[in-house]
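The values are calculated or read from the model by the stated rules, or taken from the named source; none is laboratory data. In this text, all values refer to a predicted model and were calculated from it rather than measured experimentally. FYI the Cβ positions are ideal-geometry reconstructions off the backbone, even for glycines, and counts take in every protein chain you see.
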Amino acid sequence: MKLRAAVVAAFATALSSSAFAKELTAEDFAKVPNIGGLSGLSMNPEGTFVTGLVAQPGSDNELEAMAVWDISGDLPTDSLIAPSVVTPTDGKMRFVAASAFGGDQIRVVANQAWSGSNPCTEGGSGAGSVDTFAVKVFWTDKTLENFEEGIAGLGQSRIRDPLMEQCMRLNGRIGIYNSLPLEANTVILSSYDPNREKSELFRVNFETGERQSFFPRDGVGDIIFSDPRNGDALARGRVEFRDGKYLVETWILDAEKNTFVLADALTYDVRDRYTMSIAGWDETSGQYYIITDKFSDRAAVHAYDPKTDTLGSEPLLAHPDYSVTGLAISTMPHNFNEVLGFYYGADISRVYWLDPEIAAIQEGLEKAFPGQNVALTDWNRDMSRILVTTSSSAHPPSYFVLSDKSKLSVLGSSRPWIDPDQLRKTEFISYAARDGLEIPGFLTLPQGWTKEDGPIPAVVLPHGGPWARDDANWDASGWPQFLASRGYAVLQPQYRGSEGFGLKLWRAGDAEWGQKMQDDKDDGARWMVEQGIADSDKIAIFGYSYGGFAAFAATVRENGPFRCAIAGAGVSNVALFQRIVGGNRISRQVQGWTIDGMDPMKNTDKANIPILVYHGNRDVRVPIKEGRGFYDRVKDKVQAEFLEVDDMPHSLPWWPEHHRITLNAIDDFLRNDCGFDS
């Protein structure tokens, strides 16, 4: 494929006028991206337009606007493709994401700061006034002229309970159940009806606006897999209490009897926490593709035969080192529903293509963008248009359209003011914890630094969750590269309790909060010292959400390796985490019992290192009283600072001012209060 020359020429044009600095500023990460936003871009099934967010013209990258790119004709390779339509925001209701559908339709998600009585906050009781965000879902078309809340009358019905009406208006109640890729103007939507406390399915025609109620064949549990051709329910799931256990059940449709039958081979105890997901269906044999880790530490694809209720113990598709996370299944008419490849979770999410033509396209693009992750984001029904995203831990995302499998055109770079040559790619490493358990991790070092330069200050950066994981792709928070550009080594330990690296590591975190889970962070600091990377007298811990809990735990842990701690939106007591996940009997059984260990709030008398606590005042997942409460308990024992961030929610997307305030506070605390400049 002759891609390299076109890419270099076009990409160079897009970047040539930018100026760069070695030490990245908070502003470099605070500004909204030129293109793509947090969610990236989306192409419609016909391959005629792309939609997504752009920096609003005239806002100096403070606001994001909705944009559409017309890609229906011949596309240039020597210049950027400019948006054909841009619709700004008013600055109050802010765009968050957009997805393209058939029939020229676009689904838009937006949010707006809101204060009032909210009965459905995640971390609070709902009593009194709550500062949060209202989430709105709109539908429009490629002209971006009219934005309608709800579609075909869905989402517009009144709810009898005024508080529940308010709750649903804050959080929305319409979801995409099935996109029906073979039907250009039709999707199946789920609409939650709080009056009936259940979701109803509707087949909606974008062109006519007609909707048709679309009921499953019977009422056993929730739909977990449907026919990709017409949306018919093929599998349902539920959790039942039997024989003293909560069992996750899968029910498979018996088409001949027109009923659902319990699949005993797919049933398991919720406490086993197996992955057991239906990833596809072979229409010829009737067998299902099941992604599971029931037979090995890493998840693989196994065949399930509903006729004999047997799950094959030998995998159909597997990676020797990493879990399979999904299947790439064709939506093109000529090979519809065929397995094209499988995704697996390595340092980043990667794909192994079984289809030779797509594998060749992927290989050609990777040669054109060496060292970057190349994702085939969307393609149309004959693959004459492919939306391509490139990125790495040192390359902010960029977006392209591949035409006729040979010509690459540039939509834009998200942050062209950041020079990848001034950054260093994140490395995937591992180290042994004190009990011998192997802990994966991601290490980001300053560009140009070598061990011959001597040990440097370091930051251990544990992720939130804790049932989550990091990767080595571009980090939207900016934290790893922001810190590395300032001369810090940054280690992101995938401590026990992290998902994505096998059942053994995940389960090892059960009831070990602030104990063995905390050992893994300390041992990561020790490993950096042993490797000649970190100065043992200049290591900090910085974490957000559960990572904030880890920073609180480090503050009260005696004889730890850290000189200071930074806690963002952290939970300071184990009991709140238990309340957050204990809202229903199922989550209590799945996760609630795993949350136990050392409680930082009960050990504040042992505080022994300086700490910066910051928290957004619109955080309803972890209320601000968590951070302020810990600060109040330790401020007379150690040097402590508390920063309340106006209008900041718990999770991304954050506004530019949120990034500016927090990144500058982190930088100042490390340099001065933690003494990294001394």
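Key figures
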| read-out | value |
| --- | --- |
| Filter result for F101 (modelled with pLDDT under 95 and of a type in the set (F, W, Y)) | yes |
| Condition met for G209 (modelled with pLDDT of 80 or more, loosely packed, with under 14 Cβ neighbours inside 10 Å, part of a loop (DSSP other than H, G, I, E, B) and not charged (D, E, K, R)) | yes |
| Scope segment 259-273; condition part of a loop (DSSP other than H, G, I, E, B) and more than 17 Å from F225 (Cβ to Cβ); matching residues | R273 |
| Segment 240-266 residues that are within 17 Å of G286 (Cβ to Cβ), paired with ones that are among the basic types (K, R) and in a strand (DSSP E or B) (beta carbon under 8 Å, 6 or more apart) | T250/R236; W251/R236; W251/R238; F260/R236 |
| All positions within segment 270-282 that are over 17 Å from W467 (Cβ atoms) and either under 27 Å from the mean Cα position of the chain (by Cα) or in contact (Cβ under 8 Å) with a residue 60 or more places away in the chain (or both) | I278, A279, G280, W281 |
| Residue within segment 258-268 that is surrounded by fewer than 14 Cβ atoms within 10 Å (Cβ to Cβ), among the charged types (D, E, K, R) and not assigned by TED's automatic domain parsing to the domain that holds R588 present | yes |
| Members of segment 631-652 that are surrounded by fewer than 19 Cβ atoms within 10 Å (Cβ to Cβ) and within 25 Å of S39 (Cα to Cα) | D646, D647, S651, L652 |
| Matching option when the condition is in contact (Cβ under 8 Å) with a residue 60 or more places away in the chain and on the phi > 0 side of the Ramachandran plot, among G412, G441, G436 | G412 |
| Pairs where the first residue, in segment 307-319, is in a loop (DSSP other than H, G, I, E, B) and the second is surrounded by 14 or more Cβ atoms within 10 Å (Cβ to Cβ) and of a type in the set (S, T, Y), C-beta under 6 Å, 6+ apart | H319/Y344 |
| Count of residues meeting criterion [touching a Pro at 6+ places or on another chain (Cβ under 8 Å) and of a type outside the set (V, I, T)] in segment 524-546 | 11 |
| Scope segment 49-83; condition of a type outside the set (A, V, I, L, M), more than 14 Å from I35 (Cα to Cα) and in a loop (DSSP other than H, G, I, E, B); matching residues | G58, S72, G73, D74, P76, T77, D78, S79 |
| Filtered residues of segment 579-600 (kept if in contact with a helix residue (DSSP H, G or I) (Cβ under 8 Å, 6 or more places away or on another chain) and either within 15 Å of S545 (Cα to Cα) or in a loop (DSSP other than H, G, I, E, B) (or both)) | V581, G582, Q591, I595, D596, M598, D599, P600 |
| Yes/no for D378 being on the phi > 0 side of the Ramachandran plot and either acidic (D, E) or crowded, with 16+ Cβ neighbours inside 10 Å (or both) | no |
| Qualifying residue in segment 578-599 (condition: closer than 23 Å to Q494 by Cα and in contact with a Phe, Trp or Tyr (Cβ under 6 Å, 6 or more places away or on another chain)) | yes |
| Hits in segment 219-231 (condition: under 17 Å from T284 (Cα atoms) and not in a strand (DSSP E or B)) | D227, P228, R229, N230 |
| Neighbours by Cβ (under 7 Å, 6+ apart or cross-chain): first from segment 562-577, under 22 Å from N672 (Cα atoms); second in a strand (DSSP E or B) and of a type in the set (D, E, K, R) | R563/D537; R563/K538 |
| Number of positions in segment 28-60 that are over 23 Å from the mean Cα position of the chain (by Cα) and under 25 Å from D419 (Cβ atoms) | 4 |
| Subset of segment 461-516 that is aromatic (F, W, Y) and in a loop (DSSP other than H, G, I, E, B) - its residue that is farthest from F428 (Cα to Cα) | W467 |
| Segment 283-298 residues that are in a loop (DSSP other than H, G, I, E, B), paired with ones that are crowded, with 21+ Cβ neighbours inside 10 Å (beta carbon under 6 Å, 6 or more apart) | D293/A299; R298/S323 |
| Qualifying residue in segment 547-564 (condition: under 15 Å from P457 (Cβ atoms), polar (S, T, N, Q) and not in a helix (DSSP H, G or I)) | no |
| Restricting segment 556-578 to residues that are among the small types (G, A, S) and crowded, with 24+ Cβ neighbours inside 10 Å, the residue that is nearest to I541 (Cα to Cα) | A565 |
| Residue check for G221: at positive phi, at pLDDT 80 or above and surrounded by 14 or more Cβ atoms within 10 Å (Cβ to Cβ) | yes |
| Conditions (1) surrounded by 19 or more Cβ atoms within 10 Å (Cβ to Cβ); (2) under 13 Å from A26 (Cβ atoms); number of the one not met by V622 | (2) |
| Within segment 502-526, tally of residues that are of a type in the set (A, V, I, L, M, F, W, C) and surrounded by 21 or more Cβ atoms within 10 Å (Cβ to Cβ) | 5 |
| Single condition I252 does not satisfy, out of (1) more than 28 Å from the chain's Cα centre (by Cα); (2) over 17 Å from H302 (Cα atoms); (3) outside any loop (DSSP other than H, G, I, E, B) | (2) |
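Quick grid of which residues meet (1) among the basic types (K, R); (2) in a strand (DSSP E or B); (3) more than 26 Å from the chain's Cα centre (by Cα):
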{"position": "Y304", "(1), (2), (3)": "no, yes, yes"}
{"position": "A328", "(1), (2), (3)": "no, yes, no"}
{"position": "T331", "(1), (2), (3)": "no, no, no"}
{"position": "H334", "(1), (2), (3)": "no, no, yes"}
{"position": "G341", "(1), (2), (3)": "no, yes, no"}
{"position": "D347", "(1), (2), (3)": "no, no, no"}
{"position": "A360", "(1), (2), (3)": "no, no, yes"}
